[in-house]
Structure formats: structure tokens, C-alpha cells
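As C-alpha cells, the structure follows; a few thoughts come after it.
The values are calculated or read from the model by the stated rules, or taken from the named source; none is laboratory data. Because the structure is a prediction, the values reported are computed rather than measured. Here Cβ is always computed from backbone atoms with ideal geometry, including for glycine, and neighbour counts include all displayed protein chains. Each accessible area value is taken on the protein alone, full model and side chains, heavy atoms only, with ligands, DNA and RNA left out. Shrake-Rupley method; radii C 1.70, N 1.55, O 1.52, S 1.80 Å.
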Amino acid sequence: MKRSICILAIIATVFMVFLPVSVYAETYSLGGTDMSIDVDDSLWYVFTRDNIKDNSELKELGISYNSMYDILYTNEAYMDALLLYEDGGFVELFVRKKPLEKGIVNLSNYEDAEVLDLAKAIAKKQGAETYSVYENQYKFAKLEYFDSNYGYYLCEFYTVVNKENYTLTFQKPSTYTDAEYEEMTKIVDSIRFDVDTTLKEEKHNSFWDNIITKTIGGAVIGGVAGAIIALVNKKKKKDQINVEPS
């Protein structure tokens with residue numbers, strides 16, 4: 001059996017040399033935001049404000065439309081995505097947005113040292129020891145910490161685009177594996193913003209204060225993960241998931 005699998009793997013490798021690699025990620029343009037994001041919906045259950053009406057996957061998970069509607073709008077979230085494992089483990093992603101009245105227009109316009117100062121300030125508020133600057137085509141303040149209030153390990157990315165604060169929160173009840181970090185990074189790197197280049201920066205003496213006040217940090221309880229125990233015996237999204245749980 002193992003030998004047959006090895007032979008198949010060799011054949012598959014040969015074909016991959018000559019054929020383009022299949023990409024399963026779907027692009028989600030989040031209504032009400034200036035953001036689009038790619039998530040592999042062969043692995044993740046993906047719910048947005050735009051797709052929850054008559055969504056068969058909500059029925060599969062035993063979640064009502066009204067419940068998911070409340071989760072998204074109460075938390076000012078525009079996406080709630082769930083990577084569910086057979087043993088009941090999970091990784092959940094929330095994408096949230098809040099407007100800023102003043103201060104930062106686009107975080108990517110600032111120097112790395114300034115973004116690091118912001119990350120440090122948010123980390124202090126959240127009680128996080130690990131913070132950094134994450135940069136692809138945009139700049140993010142990145143935090144990693146354990147939220148003792150809810151028992152979740154969090155990996156969060158904060159940025160500001162067009163005077164709006166965007167927060168991506170990955171949450172999990174156990175520490176992250178290398179494969180999960182790779183998956184999260186792939187998702188963050190897929191983000192695209194429709195940047196309004198006509199907006200001008202207006203620095204203030206305490207120009208970080210507004211974003212820190214408007215930052216929605218910490219675990220989101222009451223989402224799909226809030227009902228995770230009930231989902232353990234549900235049909236999982238894919239017959240064999242490529243990302244192994246820790």
C-alpha cells in the first residue's frame with residue numbers, strides 16, 4: 001500500500017512539473033469595505049455579510065441565518081471563516097472594520113519604526129508580549145498572545161486603510177503549528193485594498209490614540225467557535241485536510 005502511494009506521488013510530481021498548480025482559493029470582496037481577500041474554501045467554511053442568505057454550509061453546521069447575522073453585525077465583522085478538524089479542533093478567522101474620525105489615513109504611509117510603536121501600544125493594551133511589523137504590499141501591526149479570558153491563542157493583524165481600522169483575528173484553543181502559520185500568512189498576503197490616494201495624512205501629537213481606541217482586539221466569543229463542541233461530530237469540510245492540527 002505504501003509503495004503504491006509512493007508511485008502515485010512520483011507520477012503526480014512529474015505531472016506538476018508540466019502542469020500549472022491548481023489554486024482552490026476563492027476571492028471574497030467584502031461589501032461595505034475596501035478590501036478583498038482569498039480563502040481556500042475547500043478547507044475553510046467562509047461566511048460573509050454577503051453570502052449568509054440561504055447558505056447551505058450554515059445548515060450543514062447547524063447554525064441559523066439569524067445567529068450568523070448577529071455574530072457578524074454585533075462584532076462589526078465582515079467575515080467569519082472556520083477551519084475545522086475531525087477531533088473538534090479549529091482555527092477561526094474574523095475580519096473586522098471600524099472607522100477612524102482622525103489620525104491615520106493609511107498605515108502603509110508610515111515608517112516601520114512608527115508602525116512598531118503602534119504595535120507596541122496595542123500590545124500593551126491587549127497584554128501581549130509578542131508584537132512586530134508585518135509587511136507585504138501593506139503594513140500591519142502584528143500581535144501574538146494568549147487571551148486568558150476566553151482561553152484562545154490569538155494571532156492578530158492591524159492596519160488602517162482609507163481612515164478605517166481593519167483587524168484580522170485568528171483564534172485557536174491551542175498553539176499554532178508551522179503549517180497553520182503558513183496558511184494564515186498566505187491569507188494575509190492575499191489581501192488587496194482599494195486605496196484612495198487622494199486622502200492626505202494629518203499627523204497629531206497623539207496620532208496613535210484614535211486607532212488604539214478603535215482597535216477591536218481579543219478573542220470573539222459567540223462566533224462559530226462558540227458552538228464548536230456541537231460541531232465535533234459534524235461532517236468536516238474536506239475528506240482529508242492538508243493542515244494538520246497540533
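Structure values in brief
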{"read-out": "Per-peptide average of other Cβ atoms within 10 Å, ordering 57-70, 96-109 highest first", "value": "96-109, 57-70"}
{"read-out": "Distance (nanometres) between label positions extended 7 Å along Cα→Cβ at Thr213 and Ser29", "value": "3.4"}
{"read-out": "Cross-link table Lys124/Lys172; Lys139/Lys200; Lys59/Lys98, entries beyond 24 Å C-alpha to C-alpha", "value": "Lys59/Lys98"}
{"read-out": "Computed FRET value (nearest 0.05) for Ser148 with Ser190, which takes r as the C-beta separation and R₀ as 30 Å", "value": "0.45"}
{"read-out": "Accessible surface, per residue, of the range 17-103 when the full set of protein chains is kept, probe 1.4 Å, Å²", "value": "47"}
{"read-out": "Amide N of the range 45-67 lying under 12 Å from the label point, which is placed 7 angstrom from the Cα of Thr74 along Cα→Cβ", "value": "66-67"}
{"read-out": "For the range 23-159, the spread of Cα positions along each principal axis, largest first, Å", "value": "46, 33, 32"}
{"read-out": "Where labels lie 7 Å past Cα in the beta-carbon direction, separation of Lys102 and Ala179 in nm", "value": "5.0"}
{"read-out": "For the range 167-182, 3J(HN,Hα) per residue [Karplus equation, 6.51 cos²θ - 1.76 cosθ + 1.60, θ = phi - 60°, Hz, x = Gly/Pro]", "value": "10, 10, 10, 9, 10, 7, x, 9, 5, 7, 8, 4, 5, 5, 4, 5"}
{"read-out": "P(r) histogram, all alpha-carbon pairs of the range 111-219 included - 5 Å bins from 0, percent", "value": "2, 11, 22, 24, 21, 11, 6, 3, 0"}
{"read-out": "Hull volume in cubic angstrom per residue (convex hull over the Cα atoms of the range 109-166)", "value": "86"}
{"read-out": "Segment Gln137-Glu201, length gained on full extension (0.36 nm per residue, minus Cα span)", "value": "21.2 nm"}
{"read-out": "Rel. contact order, % - alpha carbon contacts under 8 angstrom, at least six apart, the range 33-135", "value": "18"}
{"read-out": "Centre separation in Å (Cα based) which lies between the range 181-195 and the range 45-90", "value": "20"}
